[in-house]
Each structure stands twice: as C-alpha cells, then as structure tokens.
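Notes follow once the structure below has been shown.
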Amino acid sequence: MEGIFKYDTVSEYNDLNNHETLHPLVNIIDFSKANPINWGERKNVRLNFGLYCIFLKDVKCGDLKYGRNYYDYQEGTLVFVAPGQVLEIENNEKVYQPKGYALVFHPDLLLGTNLAKSIHDYSFFSYNTHEALHISERERQIVLDCFSNIKYELQQSIDKHSKKVITSNIDLFLHYCDRFYDRQFITRESVNKGILEKFEYLLNDFFSSGKPQTIGLPSVAYFAEKLHLSANYFGDLIKKETGKSAKEYIQYKIIDLAKSKIFNTEKTVHEIASELGFKYPQHFARMFKKSVGVSPGEYRGMN
C-alpha cells in the first residue's frame, strides 16, 4: 500500500509542520515544531512537491528515493527538490520526530526577479542518486545563517523591498551550495576518477560495438544512465574533472575517431559519417569543419 501526498502551496506545507504562514510564497521550516510522524502501514510514501524545497536533514527518517534510485544522504545533508519532482520514503513503520530545517518557496516568488533568470543554472536541483550535498559543520553554520537572514526578513512587515531582499538572500544561499558542491567534487576525487575511467571505457565500447548504426550518436543522458547518475550531475562531474562539458568530451572522441578513419581508410565521408552514428553526412561535415577547421575531404587531401 502506498500513500501520495501533494504539496502545491507553502501554506499547505506550513500547516503540515505547524508553522504560521508569514509570507504566502516562502518560508523557513523548523521541523522540531512539527508533530511526530507515523506513516502507518504504508510501505512507501510519495511526496509530490509543487515547490522548491531545500532540506537540511538532521535525522534519517527512512530511505529516500527519487525515481527508482536511492538518495545518498546522511545526517547533516542538504537535499534539493524542484517543482514537479517526487520523493519516495521507504517507511519503517516507526513514529519519529522530524528534525532539521527546510527552505521552501513557490516558483511564483521568482517572477520578475534576477533569480528567475539564474535558478536553472543551479543544476543540483536535478541531481538524484548518490548525489546529495554532504556538508561540514562550518558549512552547516553558513546554511543556518542564510536561513536565519531569510527568516528575519519574513518576520518584518511586507513592503516593496521584501521580495528583492528575500530572493537575493535565497540566491546567495544557492551560490554557497554551488561552492559546497565544488568542494564535494574535489573531496570525492578518487570516486570521480573511477567514473571518468568507466565513461572512457563505455565511450570506446560504444563505437567499437556497432551501436552508432542502431542507436545513432551517443548522448550525455545515455552514458549518465549507464553510470547510474543524473545527466546534470554527470555533466558537472565531467566538467570539473576534464575542463570540458560531457557533450564536448563526446564530440572530441567522435572527431578523434573521424580523423583516424579519414586518414587510414578508403571509405567515403558518407560511409564514415554513418559508422559514427550521423543520420545526415552534412551534419558530420559541419561538426568536423567547426572542430578541425577544414572539411573531411580537405583533411584527407592534406594528409
């Protein structure tokens, strides 16, 4: 038996957690004020949010899943949820007292603000498996300070400055989270190196196995799925490790193979394009010239 709980407004989530609605579009939740929770006999509880939610988890309340995958989180971890996402909790049928904090805000809060233009730059809202943000004690204090600043503004009378001040503080907090993720990529460097090696293996295997003729050009999402990572996290990891985006890395591999095929075989450019997964040879020629500076035919003539 499963239960699905949908929260589309800040006031609904406030009511669930015993909080007054100081602003209809944003709040800082202190889970210690919430009543103890018992999901009963439900094996899985699904939470569907129409809000942006950032949870600072202080106690593990059951294994979280996003999609088919488990969230890699511990006590003192930040979990990010964007509108439309669903979190699944595997219920252990025990009563527990929620702890920690959350920043929740409705997408409408961002309308007409600078944050509306940059919110999609924070790719961690689309991270999922084994990708949550594990923070140090010092980083935790920065998070709490940011929450405190937002809460202070919520306790003031709403005026023409309120929206700008609140969204600016949220943006500052998200900038800090971006920095913390950069640190996490560095501290998990050995894990990341392993992923990069697996990616290189999968990339070589893709082109040596005939998959381009049946699947076409490989996508970032294809390799991310093979590595059990979200596309955004995988892309950010490759960028941190190589200086290239995952798409650029794949294209570099394609061009490298294309150079070898053009130089070492008598196959036509059309045949080489097909072998590499291009549906239309003119797309291959365009990519090749953009990368190398000359057309495939000119490259063959030069060599």
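Structure data summary
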item: Among the residues listed as 150, 142, the single one being farther than 18 Å from residue 82 by Cα and in contact (Cβ under 8 Å) with a residue 40 or more places away in the chain; result: 150
item: Qualifying residue in the range 236-254 (condition: over 30 Å from residue 78 (Cα atoms), of a type in the set (D, E, K, R) and touching a residue at least 24 places away in the same chain (Cβ under 8 Å)); result: yes
item: Residue that is nearest to the chain's Cα centre (by Cα) [pool: residues in the range 147-179 that are farther than 14 Å from residue 115 by Cβ and hydrophobic (A, V, I, L, M, F, W, C)]; result: 147
item: Conditions (1) surrounded by 16 or more Cβ atoms within 10 Å (Cβ to Cβ); (2) in a loop (DSSP other than H, G, I, E, B); (3) modelled with pLDDT under 75: number failed by residue 59; result: (1)
item: Breaking point among (1) in a helix (DSSP H, G or I); (2) surrounded by fewer than 12 Cβ atoms within 10 Å (Cβ to Cβ), for residue 204; result: (2)
item: Filter result (polar (S, T, N, Q), without any contact (Cβ under 8 Å) to a residue 24 or more places away in the chain and surrounded by 13 or more Cβ atoms within 10 Å (Cβ to Cβ)) within the range 269-303; result: 295
item: Some residue of the range 226-244 being under 30 Å from residue 296 (Cα atoms), of a type in the set (Gly, Ala, Ser) and surrounded by 15 or more Cβ atoms within 10 Å (Cβ to Cβ); result: yes
item: Single unsatisfied condition, residue 151 versus (1) of a type in the set (Lys, Arg); (2) exposed (fewer than 15 other Cβ atoms within 10 Å of the Cβ); (3) in contact with a strand residue (DSSP E or B) (Cβ under 8 Å, 6 or more places away or on another chain); result: (2)
item: Check on residue 27, within 22 Å of residue 84 (Cα to Cα), modelled with pLDDT of 95 or more and not small (Gly, Ala, Ser); result: yes
item: Count of residues meeting criterion [modelled with pLDDT under 50 and on the phi > 0 side of the Ramachandran plot] in the range 67-84; result: 1
item: Any hit, the range 233-249, residues being among the polar types (S, T, N, Q), under 30 Å from residue 131 (Cβ atoms) and either under 19 Å from the mean Cα position of the chain (by Cα) or not assigned by TED's automatic domain parsing to the domain that holds residue 131 (or both); result: yes
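Conditions tested, residue by residue: (1) at pLDDT below 90; (2) charged (D, E, K, R).
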{"residue": "217", "(1), (2)": "no, no"}
{"residue": "225", "(1), (2)": "no, yes"}
{"residue": "252", "(1), (2)": "no, no"}
{"residue": "265", "(1), (2)": "yes, no"}
{"residue": "272", "(1), (2)": "no, no"}
{"residue": "286", "(1), (2)": "no, yes"}
{"residue": "303", "(1), (2)": "yes, no"}
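The values are calculated or read from the model by the stated rules, or taken from the named source; none is laboratory data. Since the structure is predicted, the reported quantities are computational estimates derived from the model, not experimental observations. Positions of Cβ are generated from backbone atoms using ideal geometry, with glycine treated the same way; all protein chains shown enter the neighbour counts.
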